[in-house]
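Some notes on the structure that comes next.
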Amino acid sequence: MLPHIRIAVAETDSVKNLAVLGSTGSIGTQTLDLIRLYPNRLRVRALTAGRNVALLARQAKEFGPELVVIADESLAAELRAEMAGVNCRIAAGPEGLLEAASLDRVDTVVTALMGYAGLEPTLAAIARGRRIALANKETLVVAGGLIAEAVRRDGAEVIPVDSEHSAIFQCLVGEPAESVERLILTASGGPFRDLPAADFPNITPQRALRHPNWDMGAKITIDSATMMNKGLEVIEARWMFDIPAENISVVVHPESIIHSMVVFADGSTKAQLGVPDMKVPIQYAITYPERWAAPHERLDWTAISALNFQQPDLERFPCLRLAFEVLALGGTAPAVLNAANEVAVARFLSEDLSFTGISALIEQAVARLAGPGDTLDALRAADEATRRFAEEHVRVATH
Ligand code: NDP
């Protein structure tokens, strides 16, 4: 199992110092909500954002970190102006993100960045032996093998934030690794779970952005609509829990109450359940092995009339099939899938690509560009080549 569970001595009264990478996003702002809930137990040391200077500056003024980073260097002057008179170091660009990820006196780095941009900061946090509360699943998709090796070498911990992986992680506490037979990831099925295949080409970004159960950032919401999100989670689970892909299943569970399950060698199955609320797994990733009392909504069992389950439909949702295929291919294939997906989702949102064009583009990119190699240089090159290929493909298709 990747996280190398070190049963820490309970330090109930000590303050935990956090770096929140991607603090302006959905996971980032919910992390800050938790810090508001425990002002004497959680402290912010670093905050980072991509481009949202105004919110980042507001957060910095409220939480008083020692470092604030804006990833888009062209916005550094604007951030400095917003932060005039505030006692806080300001940095920008990829170097700034690395600095935030490897800052002294930080216990936990919450990686709530979106996409490939999370990879190198995560590696930097691992190199410092930190706990990583990992939301940024794309990191494990692109470089799962590298991350696993680095975690082992540097004595870091990776604790999942993704609700499915948090559920599995919670089911595994106290269980011997060899007793695990199968991981079952649950999937809501997204907004198009029951839509006929013939209607898929007409899906608009506005419709795809309406997720039935979760309120999330735009990219992951589209990933949920295509079910690529579940595909990325299968790859994430493969590396997070060091388990072969053939021992991972996906089951559609529209209510999103069971967050995922583990089947054990003796035939027993454990599941973790709760109201869909990301604050619960974010909090657990920060406080593990402790559980802190929190006012998060409890399940009302008398209001749940049924829990439903069905097979995912790989014909209507080919992204899920592609994720299993790239895992089998290995090498740079998952990095190619990820980069093609990031471009395709952005181009779908800007209305340059149809909904069904997303999986078609990814399939072409994987067929054309996937190859051997799992060094950071090979993965970086695959990411760059795929982005060029995908952008060119969209440009040609729209002209
Ligand atoms: P959002 O889009 O809401 O937020 C992304 C954050 O990353 C923002 O702070 C954004 O800054 C920043 N960011 C975006 N691009 C870059 C970049 N190139 N360099 C540095 N920072 C960047 O995403 P979510 O919070 O929804 O998701 C974050 C991660 O967590 C994703 O990997 C997602 O898959 C995962 N996740 C999310 C869940 C959810 O419920 N939202 C659930 C499980 C996993 P800015 O605001 O300035 O653009």
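The values are calculated or read from the model by the stated rules, or taken from the named source; none is laboratory data. Just so you know, these numbers come straight off a predicted model, no measurement behind them. Note that we place each Cβ from the backbone using ideal geometry, even for glycine, and neighbour counts take in every protein chain shown. The area values use the complete protein model at the heavy-atom level, side chains included, leaving out ligands, DNA and RNA. Shrake-Rupley method; radii C 1.70, N 1.55, O 1.52, S 1.80 Å.
Which of the residues spanning region 20-45 are more than 16 Å from the chain's Cα centre (by Cα) and within 13 Å of the ligand (Cβ to nearest atom)?
Those that are more than 16 Å from the chain's Cα centre (by Cα) and within 13 Å of the ligand (Cβ to nearest atom): LEU32, ASP33.
Could you grab the pairs with beta carbons closer than 7 Å, sequence gap of 6+ or different chains, first residue in region 21-41 and on the phi > 0 side of the Ramachandran plot, second one open to solvent by 30 Å² or more (accessible area, probe 1.4 Å) and not acidic (Asp, Glu)?
Qualifying pairs under 7 Å: GLY22/MET114.
Return the residues of region 95-118 that are under 22 Å from ASN338 (Cβ atoms) and in contact (Cβ under 8 Å) with a residue 40 or more places away in the chain; say none if nothing qualifies.
Correct list: LEU97, ALA101, VAL109, VAL110, THR111, ALA112, LEU113, MET114, GLY115, TYR116, ALA117, GLY118.
Regarding region 258-270, can at least one residue be identified that is within 16 Å of the ligand (Cβ to nearest atom), touching a residue at least 12 places away in the same chain (Cβ under 8 Å), within 19 Å of the chain's Cα centre (by Cα) and open to solvent by 40 Å² or more (accessible area, probe 1.4 Å)?
no
For residues that are under 10 Å from ALA91 (Cβ atoms) and more than 10 Å from the ligand (Cβ to nearest atom), tally how many sit in region 55-71.
2
Could you list all residues from region 87-109 that are in a loop (DSSP other than H, G, I, E, B) and surrounded by 14 or more Cβ atoms within 10 Å (Cβ to Cβ)?
CYS88, SER102, LEU103, VAL106, ASP107
Listed residues GLU99, GLU120; which is more than 8 Å from the ligand (Cβ to nearest atom), of a type in the set (Asp, Glu) and closer than 24 Å to LYS219 by Cα?
GLU120
Residues that are of a type in the set (Gly, Ala, Ser), at least 2 per element: which strands (runs of 3 or more DSSP E) completely within region 12-86 meet that?
42-49
For region 367-399, which positions are under 12 Å from ASN341 (Cβ atoms) and open to solvent by less than 20 Å² (accessible area, probe 1.4 Å)?
ASP383, THR386, ALA390
Return yes or no: is ALA127 out of contact with any Pro (no Cβ under 7 Å at 6 or more places or on another chain) and more than 11 Å from the ligand (Cβ to nearest atom)?
The answer is yes for ALA127.
ALA306 - would you say it is part of a loop (DSSP other than H, G, I, E, B) and over 23 Å from ALA112 (Cα atoms)?
Yes, satisfied.
Looking only at helices (runs of 4 or more DSSP H) that fall completely inside region 112-184, which ones have 3 or more residues that are of a type in the set (Asp, Glu) and open to solvent by 10 Å² or more (accessible area, probe 1.4 Å)?
Where helices (runs of 4 or more DSSP H) fall fully within region 112-184 and carry at least 3 residues being of a type in the set (Asp, Glu) and open to solvent by 10 Å² or more (accessible area, probe 1.4 Å), they are 137-154.
Quick check on ALA57: is it over 17 Å from ILE27 (Cα atoms) and surrounded by fewer than 18 Cβ atoms within 10 Å (Cβ to Cβ)?
Taking the combined requirement at face value, the residue does not satisfy it.
Scan region 72-96 residue by residue and report those that are within 14 Å of the ligand (Cβ to nearest atom), closer than 18 Å to LEU18 by Cβ and out of contact with any helix residue (DSSP H, G or I) (no Cβ under 6 Å at 6 or more places or on another chain).
Correct list: GLY96 only.
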